[in-house]
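The values are calculated or read from the model by the stated rules, or taken from the named source; none is laboratory data. Keep in mind the model is a prediction, meaning the values are calculated, not measured. Glycine also receives a Cβ, built like all others from the backbone with ideal geometry; neighbour counts cover every protein chain displayed.
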There are 2 protein chains.
Amino acid sequence: MDARVIKRLEEIVGRENVLTSIENKITYSYDATPSLASLPEAIVIPRTTEDISQILKLANEENFGVVPRGSGTGLSGGAVPLPNTIILLMNRWRKIIEIDTENLTALVEPGVITAQLHQEVERKGLFYPPDPGSMTISTIGGNVAENAGGLRGLKYGVTKNYVLGLEVVLPTGEILNIGGKNVKDVAGYNLKDVLIGSEGTLAVFTKILLKLIPKPQSSRTMLAFFDSIKTAGKTVSDIIANHITPATLEFLDNVTIKCVEDYAHLGLPTNVGALLLIEVDGHPAQVDEEARKIEEICRKNNATDLKVANSETEAMNLKTARRSAFAALARVKPTTILEDATVPRSFVPEMVEKIQEIANKYQIIIGNFGHAGDGNLHPTALTDERDKEEMKRVEQAFEEIFDFALKLGGTITGEHGVGLAKRRFLEKQYNEAGIEFMRKIKRALDPNGVLNPGKIFDLINPRCEGRLPLSREEIEKYKDLWV
Amino acid sequence: MDARVIKRLEEIVGRENVLTSIENKITYSYDATPSLASLPEAIVIPRTTEDISQILKLANEENFGVVPRGSGTGLSGGAVPLPNTIILLMNRWRKIIEIDTENLTALVEPGVITAQLHQEVERKGLFYPPDPGSMTISTIGGNVAENAGGLRGLKYGVTKNYVLGLEVVLPTGEILNIGGKNVKDVAGYNLKDVLIGSEGTLAVFTKILLKLIPKPQSSRTMLAFFDSIKTAGKTVSDIIANHITPATLEFLDNVTIKCVEDYAHLGLPTNVGALLLIEVDGHPAQVDEEARKIEEICRKNNATDLKVANSETEAMNLKTARRSAFAALARVKPTTILEDATVPRSFVPEMVEKIQEIANKYQIIIGNFGHAGDGNLHPTALTDERDKEEMKRVEQAFEEIFDFALKLGGTITGEHGVGLAKRRFLEKQYNEAGIEFMRKIKRALDPNGVLNPGKIFDLINPRCEGRLPLSREEIEKYKDLWV
């Protein structure tokens with residue numbers, strides 16, 4: 001990038017807010033997605049909405065890309081810069097501007113940490129349900145950009161169900177306010193929901209107005225163990241068929257249970273086929289009744305053991321089994337590829353079985369866990385990106401996994417987005433009319449393709465065509481330059 | 001319209017499915033919106049998705065507009081044809097294709113009547129919450145096109161919260177499937193939610209996949225009477241502040257109560273300032289507790305009377321007061337203009353007071369009722385469209401009402417859409433960047449502007465510019481031609 005352009009960026013945000021050292025470039029060359037990295041031209045820290053507007057106008061003038069970034073916990077490479085882009089670092093926008101206890105809303109800046117918002121609103125007896133796996137690090141802005149899900153999706157929905165309003169900067173620099181504290185608003189097209197989940201390609205969020213709900217009065221957490229995934233899956237179906245909607249209904253397969261026990265020493269039995277983490281919440285009488293029914297259903301499906309938490313601490317311990325699944329799996333081998341193939345709930349047992357079959361076929365290790373209640377699975381390949389031959393098998397396996405999910409009416413991504421990692425699969429899910437619909441929206445709003453170029457799909461004239469992102473390995477080379 | 005084009009339409013759908021008699025044209029010249037009407041060139045009844053695709057391709061070729069229509073219950077003129085358009089009549093697409101009790105979904109054709117779907121799913125112990133005022137006549141397709149709300153919006157949300165998937169025909173004739181039975185799906189842009197609430201301007205729906213939930217186990221209905229709107233409003237705030245989320249929380253002002261009593265003879269006291277219809281639902285213990293708390297809150301706020309339903313029949317009777325509000329008001333004068341200005345819940349008392357002040361200022365009758373729980377009001381002017389001078393005052397009054405709603409952070413439309421009736425107000429709610437965002441989406445998807453032209457906003461080159469729709473009065477003249 002031309003020194004002149006860097007200078008103009010410095011004029012907009014102040015010199016101290018444009019980082020160009022190689023250390024900084026390396027730090028922001030990747031996100032939580034394995035095997036993808038590329039150096040940005042600079043890291044720019046905007047101070048105001050107006051700053052962002054000017055940066056985007058400059059990007060259109062000077063022909064460079066802008067990659068918005070929160071905490072970089074994304075798992076599809078959405079915050080990985082491509083060549084000729086700058087990182088727009090939003091994680092210092094950390095203010096909770098207002099919690100309105102009358103209208104049950106929270107107005108926040110995009111850099112607020114998800115778990116911090118949970119704490120703040122719960123202190124007022126309110127509740128913000130979306131709880132993505134990375135919630136202790138992830139930002140609300142990132143959650144909105146990816147339409148993040150989480151463990152409570154089955155009962156409470158995902159991020160988009162809680163966004164009431166947005167202040168955004170559009171790719172060409174215009175500032176726009178959408179929505180507000182109204183529960184109902186049908187004035188014009190639903191611009192808000194076009195931007196939610198657009199993975200940083202259509203707008204930069206500068207303020208986010210969230211819907212809150214009253215905090216559930218009580219909850220009960222249970223852990224049930226089963227001989228096989230099949231009986232665990234049958235249990236899930238029976239719970240739903242009994243018209244119980246648990247707040248959380250998660251599963252871990254045997255591979256994952258073993259890794260978790262090895263990592264966290266929770267006293268889990270390692271010889272079981274699967275475990276279910278179940279949490280019901282609401283009115284105490286309802287919780288009692290539902291918990292009793294669930295116990296009955298678990299027993300009927302031959303649960304080998306059932307632990308019910310009798311206190312908040314015990315509940316936290318039971319949840320640790322699930323919350324530490326990713327970290328536990330990630331310890332086993334150098335590279336952890338966590339995916340989010342999702343199927344209609346009734347197909348969960350079939351899908352889980354198929355994933356194991358595919359893992360065996362390609363002789364790779366895939367741990368499986370996820371949101372059984374909403375069909376959102378997290379098949380996780382444990383591998384080593386330096387082993388090119390194994391990596392190839394991993395890729396083939398995931399291709400088959402996605403194909404099978406689509407065959408069952410599923411989706412290639414339930415939570416993580418398409419980003420760079422799943423671009424080539426999107427065309428399996430949508431026909432040409434669908435992809436072209438998306439391209440039309442992108443081209444109409446971002447004619448020069450400056451916002452997060454190269455993500456989700458290729459435009460006909462992609463900004464960065466030909467130059468693929470570097471591998472993590474290639475990036476390592478730059479470390480020699482690191483003091 | 002050229003006889004040649006009519007002939008080509010007949011070739012697509014069969015001669016019996018193209019109606020061109022003056023009787024038919026008059027029948028389809030208006031919807032439920034007062035004072036707006038215009039004759040279509042023809043009424044076309046498609047038999048298949050492929051038919052619709054071909055009709056839209058022909059429209060692009062031959063340069064005419066296509067206005068999708070369900071039951072025509074819309075209140076913003078969305079189904080009123082403009083000159084050089086045909087009506088695409090979808091109300092014969094009435095099949096409930098599947099109710100999936102495992103994944104809790106219903107797949108329906110767009111012409112299914114909302115209340116009929118309610119009955120069918122409730123028979124299976126399931127629940128489809130959206131319940132717009134016109135639900136006994138309105139179609140699901142129309143509900144999706146308008147993102148219809150209803151009485152249960154506060155607790156259960158609106159139509160868009162229950163649409164999981166769509167089969168649509170795009171304006172240029174391509175057929176597209178979006179979404180599916182997955183609770184979570186973030187593959188690519190959220191095309192589904194762009195189309196929901198797009199008022200027939202971006203797509204024709206041919207199949208709709210809806211999310212269902214378990215039917216609430218029990219419910220309790222109450223009617224509380226207050227001296228003034230202010231104390232009723234305070235009661236609403238107190239209920240929410242006590243972290244109770246009623247399924248229904250509706251109000252009627254004195255004008256409306258009098259009309260309802262006069263119409264339905266329910267034994268309502270006509271000397272009260274306002275009534276609240278409150279329904280809580282869920283687990284019986286929760287319902288008991290919440291009902292008790294609400295009674296307490298009503299008493300504390302000096303409710304003059306409180307009726308609690310002791311049976312399903314009694315509950316239906318209490319609900320009749322609210323459900324018949326529109327019909328009761330409509331009897332008073334020849335023209336009833338029902339609007340849907342919406343404000344954040346905490347501003348409901350202020351807004352209601354202002355509406356009365358405005359009504360007095362312009363010396364018109366405005367009955368007021370609506371969804372107090374979600375801030376969605378229905379100020380309803382009782383007037384006579386033949387009285388031009390009064391109609392002018394009505395218009396001025398509504399302009400002030402919308403201005404005040406926007407000042408409070410509200411919206412010009414909570415449920416009814418923009419259509420033709422509120423086009424000129426949309427620019428008060430969105431800045432130029434917002435309107436241009438909408439236009440860009442429209443132009444990108446519908447370059448020739450064939451789908452429901454002239455609705456929501458003007459394109460730079462609107463198809464029908466210059467020719468305003470006829471008044472209902474002008475349409476009456478055509479009746480002489482009617483045999």
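Observations
- Scope segment A:135-185; condition touching a residue at least 24 places away in the same chain (Cβ under 8 Å), acidic (Asp, Glu) and crowded, with 24+ Cβ neighbours inside 10 Å; matching residues: A:Glu146
Here is a yes/no grid of residues against (1) out of contact with any strand residue (DSSP E or B) (no Cβ under 8 Å at 6 or more places or on another chain); (2) surrounded by fewer than 20 Cβ atoms within 10 Å (Cβ to Cβ); (3) away from chain A (no Cβ under 12 Å):
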| position | (1), (2), (3) |
| --- | --- |
| B:Thr335 | no, yes, yes |
| B:Leu338 | no, no, yes |
| B:Thr342 | no, no, no |
| B:Val348 | no, no, no |
| B:Asn360 | yes, yes, yes |
| B:Ile366 | no, no, yes |
| B:Gly373 | no, no, no |
| B:His378 | no, no, no |
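- Summed over segment B:220-254, residues that are more than 14 Å from every other protein chain (Cβ to nearest Cβ) and either without any contact (Cβ under 8 Å) to a residue 60 or more places away in the chain or not charged (D, E, K, R) (or both) total 13.
- Residues satisfying the criterion are present in segment A:315-325 (criterion: small (Gly, Ala, Ser) and within 20 Å of A:Ala291 (Cβ to Cβ)).
- Residues located in segment A:151-194, provided they are closer than 30 Å to A:Arg345 by Cβ, in a helix (DSSP H, G or I) and within 9 Å of chain B (Cβ to nearest Cβ): A:Gly153, A:Leu154, A:Lys160, A:Asn161, A:Lys192, A:Asp193, A:Val194
- Unique residue being within 24 Å of B:Ile366 (Cβ to Cβ) and either within 27 Å of the chain's Cα centre (by Cα) or buried (at least 21 other Cβ atoms within 10 Å of the Cβ) (or both) when the list is B:Ala247, B:Ala224: B:Ala224
- Subset of segment A:375-431 that is assigned to a strand (DSSP E or B) and aliphatic (A, V, I, L, M) - its residue that is farthest from the chain's Cα centre (by Cα): A:Leu382
- Candidates B:Ile213, B:Ile196, B:Ile240 - the one that is crowded, with 18+ Cβ neighbours inside 10 Å, of a type in the set (Val, Ile, Thr) and farther than 30 Å from B:Asn448 by Cβ: B:Ile240
- Within segment A:286-306, being part of a helix (DSSP H, G or I) and touching a helix residue (DSSP H, G or I) at 6+ places or on another chain (Cβ under 7 Å) holds for A:Gln286, A:Ile294, A:Ile297, A:Cys298.
- Looking at segment B:69-125, the strands (runs of 3 or more DSSP E) lying wholly inside it that each contain 2 or more residues that are within 14 Å of another protein chain (Cβ to nearest Cβ) and at pLDDT 95 or above sit at B:96-100, B:105-108.
- Among the residues of segment A:99-116, those that are out of contact with any Pro (no Cβ under 9 Å at 6 or more places or on another chain) and under 20 Å from A:Glu415 (Cα atoms) comprise A:Gly111, A:Val112, A:Ile113, A:Ala115.
- Restricting the first member to segment A:428-448 and to residues that are at the interface with chain B (Cβ under 7 Å from one of its Cβ atoms) and under 16 Å from B:Pro171 (Cβ atoms), and the second to residues that are in a helix (DSSP H, G or I) and not β-branched (Val, Ile, Thr), the beta-carbon pairs closer than 6 Å and six or more apart or on different chains are A:Phe437/B:Leu191; A:Lys440/B:Ala444; A:Ala444/B:Lys440; A:Ala444/B:Ala444.
- Contacts under 6 angstrom Cβ, first residue in segment B:72-94 being free of Cβ contacts under 8 Å to residues at least 24 places away in the same chain and at positive phi, partner crowded, with 24+ Cβ neighbours inside 10 Å and hydroxyl-bearing (Ser, Thr, Tyr), 6 or more apart: none
- Qualifying residue in segment B:135-154 (condition: among the β-branched types (Val, Ile, Thr) and under 23 Å from A:Asn431 (Cβ atoms)): yes
- Check on B:Val66, within 29 Å of B:Thr320 (Cβ to Cβ) and more than 12 Å from the chain's Cα centre (by Cα): no
- Condition check for B:Leu277: modelled with pLDDT of 95 or more and over 29 Å from A:Thr101 (Cβ atoms): no
- Residue in segment A:257-285 that is nearest to the other protein chains (Cβ to nearest Cβ), counting only those that are closer than 22 Å to A:Thr313 by Cβ and in a helix (DSSP H, G or I): A:Pro284
- Residue match in segment A:405-420 (condition: within 14 Å of chain B (Cβ to nearest Cβ) and farther than 23 Å from A:Arg345 by Cβ): yes
- If you filter segment A:405-427 down to residues that are in contact (Cβ under 8 Å) with a residue 60 or more places away in the chain and of a type in the set (A, V, I, L, M, F, W, C), you find that the one that is surrounded by the fewest Cβ atoms within 10 Å (Cβ to Cβ) is A:Leu408.
- Residue in segment A:217-233 that is touching a strand residue (DSSP E or B) at 6+ places or on another chain (Cβ under 9 Å), assigned to a loop (DSSP other than H, G, I, E, B) and closer than 30 Å to A:Gly165 by Cα present: yes
- Any hit, segment A:326-336, residues being under 21 Å from A:Gly233 (Cα atoms), free of Cβ contacts under 8 Å to residues at least 60 places away in the same chain and not in a strand (DSSP E or B): no
- Matching residues in segment B:288-306 - criterion: being buried (at least 20 other Cβ atoms within 10 Å of the Cβ) and within 12 Å of another protein chain (Cβ to nearest Cβ): B:Glu290
- Test: residue in segment A:138-147 that is among the hydroxyl-bearing types (Ser, Thr, Tyr) and farther than 24 Å from A:Thr73 by Cα: no
- Among the residues listed as B:Leu166, B:Leu223, B:Leu176, B:Leu210, the single one being of a type in the set (A, V, I, L, M, F, W, C), farther than 19 Å from A:Val186 by Cβ and not assigned by TED's automatic domain parsing to the domain that holds B:Lys293: B:Leu176
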